[in-house]
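A.B. asks: Just passing along the structure, written as structure tokens.
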Amino acid sequence: MIDTGIGNSEEKEKMAQAKDRNRTIRFTVRVNDQEAKWLREAAWREKRSIADFIRNRAISGDLPRIPVEVSELMKQLNYEVNRIGVNINQLVRSYHINGYQTSAEKRRLEEDLKEIRSLHVKICSRLTEMADGNHKTTAP
């Protein structure tokens with residue numbers, strides 16, 4: 001393990017906030033083609049140089065942003081899960097009052113469950129693409 005001389009998070013924050021830092025020490029890092037492509041695209045998306053992007057991630061520990069597409073799918077999934085929860089509550093209430101469930105109610109639940117499964121597959125597929133480095137981005 002390399003001792004970077006950086007201790008606790010307070011020291012890291014001070015380093016990240018120092019405006020007049022004199023950067024005279026160079027580190028060389030080797031990456032493969034796929035990693036280089038990912039770094040270029042990630043830095044480009046954040047409108048940073050590759051060096052600034054890597055430095056910022058290493059020192060401040062910024063977490064990568066979730067792509068808008070995945071975020072929107074997750075919002076939609078959350079909405080659908082909430083909606084189905086409401087439907088289930090209505091069906092349970094109806095069952096307790098009437099003592100039975102109609103075929104229309106059952107069909108509605110099945111359709112809702114199918115929609116949730118579809119969204120789940122889309123999200124998992126997109127996250128797998130991202131993990132494999134095959135995420136769709138527009139690079140310079």
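The values are calculated or read from the model by the stated rules, or taken from the named source; none is laboratory data. Bear in mind the structure is a predicted one, so any value in this text is a computation, not a measurement. Virtual Cβ from ideal backbone geometry, glycine too; neighbours counted across all protein chains shown.
A.B. asks: Among the residues in the range 105-113, are any in a helix (DSSP H, G or I) and either touching a strand residue (DSSP E or B) at 6+ places or on another chain (Cβ under 8 Å) or of a type in the set (Gly, Ala, Ser) (or both)?
C.D. replies: Within the range 105-113, not a single residue is in a helix (DSSP H, G or I) and either touching a strand residue (DSSP E or B) at 6+ places or on another chain (Cβ under 8 Å) or of a type in the set (Gly, Ala, Ser) (or both).
A.B. asks: Are any of the residues in the range 77-89 touching a residue at least 40 places away in the same chain (Cβ under 8 Å), in a helix (DSSP H, G or I), surrounded by 13 or more Cβ atoms within 10 Å (Cβ to Cβ) and within 25 Å of the chain's Cα centre (by Cα)?
C.D. replies: Taking every residue of the range 77-89 in turn, at least one turns out to be touching a residue at least 40 places away in the same chain (Cβ under 8 Å), in a helix (DSSP H, G or I), surrounded by 13 or more Cβ atoms within 10 Å (Cβ to Cβ) and within 25 Å of the chain's Cα centre (by Cα).
A.B. asks: Show me the helices (runs of 4 or more DSSP H) entirely contained within the range 1-66 in which 3 or more residues are modelled with pLDDT of 85 or more, under 22 Å from residue 129 (Cβ atoms) and out of contact with any Leu (no Cβ under 9 Å at 6 or more places or on another chain).
C.D. replies: Per the criteria, 33-45.
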